[in-house]
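To start, the structure itself, in structure tokens.
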Amino acid sequence: MRQKKLVIFDWDGTIVDSLSVWANAYNTLSREFGFRRFTPGSFGDWLSLDWNRNFRRLNIPRREWKKSLQRLRDYYNRADTKIIPGMREVIKRISDEYDVAVVTNTHDFLVLRKIRKLNLPIKKVFGPVEGKHKPDPAQLLGVLKKLKLNPNDVVYVGDMSFDVIAAHRAKIKAIGLATKYSFHRREKIIKSAPEYLATSPRQIIRFVKKILI
């Protein structure tokens, strides 16, 4: 039996509305370490997917990095993260025809808990690779190797330019998602040159079918 083709989604800002959650998580550190509080609008453009780089930019002492990261994760885990309107139906329809996975910089055990809570038909979740962060393609290359897939049988959907660049470096076609929930602005996503740009979740289905003919 021929293996199903795979649609990979990013998690934060793509499936769930979490821009303000992560901004507020970082804001819990602001009083202790003296940096200006973020708004959701300023946070997405500022954010690097490398935790250590973020902590350096905020002048958080290295000895506090491990504790600070745990505080961010604890806040995120407690937050009542909502699915982006329309994404549940998109994932359901795509999962009827293709395999579905999530590749995320958020730790996989946190995402798996939220997937179960939201009752989404996603079984495969791939978390961060130590020392490698999108736009580095290491996560996606690892998925291709583990699942023994050809890049032509995979499409990646993400809301950040980093997602698109990582996909292209792994020879995977990408759909950029630019909605009010996205971490990156539409112009920044367009600049990364995705094969298609979706401005609503339901457009994703049509673009996936065009790529995975």
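General remarks:
- The angle between the Cα long axis of helix 201-211 and the longest principal axis of the Cα atoms of the chain comes to about 50 degrees, rounded to the nearest 10.
- Working from Cα pairs under 8 Å separated by at least six residues, relative contact order for the chain is 24 percent.
- Theoretical ellipticity at 222 nm over the chain - DSSP helices of four or more residues, -39500 (n - 2.57) apiece, nearest 500: -12500 deg cm²/dmol
- Counted over the chain, the DSSP beta bridges are approximately 15% antiparallel.
- Compactness relative to 2.2 N^0.38 Å, alpha carbon Rg of the chain: 0.99
- Prolate/oblate/rounded label for segment 19-78 (Cα gyration tensor, a/c 1.5): rounded
- Highest-fluctuation residue, R88, R53, R202 considered, GNM on the chain with Cα pairs under 10 Å: R53
- Exceedance of the 18 Å cut-off in Cα-Cα distance is limited, within the set K82/K209; K4/K92; K82/K114; K92/K188; K173/K209, to K82/K209; K92/K188.
Every number here is computed from the coordinates shown, using simple stated rules; none is lab data. These numbers were taken from a predicted model, which means no experiment stands behind them.
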